[in-house]
Amino acid sequence: MQEEEMRQDIVKKLGIESLPQKEQDELIDQVNEAILGRVMYETMEKLSEENTEILKKKIEDETSTSEEIHEFLKNNIENYDDFVNSIVDDFFKEMEEATTDDFNETEA
């Protein structure tokens with residue numbers, strides 16, 4: 001999925017189409033940061049202690065590319081891409097549930 005398609009998907013999932021571009025961008029940045037944090041936490045939980053240390057070194061090493069890190073994760077976590085997609089899907093489900101709960105409380 002291309003970056004613009006991903007952005008539009010996030011805008012749609014958050015229901016923020018009517019907001020100005022700047023506000024959309026700020027919310028998307030916050031969502032991306034939250035998702036990245038969750039992915040990193042869950043990833044570290046899945047890795048062995050040894051692989052966690054290797055990953056930390058790769059992240060700190062300025063010569064490591066994101067592709068190399070992604071390949072390392074794919075080689076050390078079974079179905080890594082599906083694992084990440086599941087975390088992202090869960091995040092948006094939780095966001096939707098929270099929004100629905102807030103709406104229901106406002107209506108009550």
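Since every read-out is calculated from the coordinates, none of them should be taken as a lab result. Because the structure is predicted, anything quoted here is derived from the model rather than measured. A quick note on method: Cβ atoms are made from the backbone with ideal geometry, for glycine too, and the neighbour counts reach across all protein chains shown.
Of the residues making up the stretch 93-101, none is in contact with a helix residue (DSSP H, G or I) (Cβ under 6 Å, 6 or more places away or on another chain) and surrounded by 11 or more Cβ atoms within 10 Å (Cβ to Cβ). Within this structure, ASN76 passes the test of being of a type outside the set (Ser, Thr, Tyr) and touching a Ser or Thr at 6+ places or on another chain (Cβ under 9 Å). The helices (runs of 4 or more DSSP H) found entirely in the stretch 7-91 that carry 2 or more residues being surrounded by fewer than 15 Cβ atoms within 10 Å (Cβ to Cβ) and of a type in the set (S, T, N, Q) are 21-46, 66-76.
Residues in the stretch 18-43 that are under 17 Å from MET95 (Cβ atoms) and over 20 Å from the mean Cα position of the chain (by Cα): 1 in all.
When each of LYS74, LYS46, LYS93 is tested for being within 22 Å of VAL11 (Cα to Cα) and within 17 Å of the chain's Cα centre (by Cα), the lone residue that passes is LYS93.
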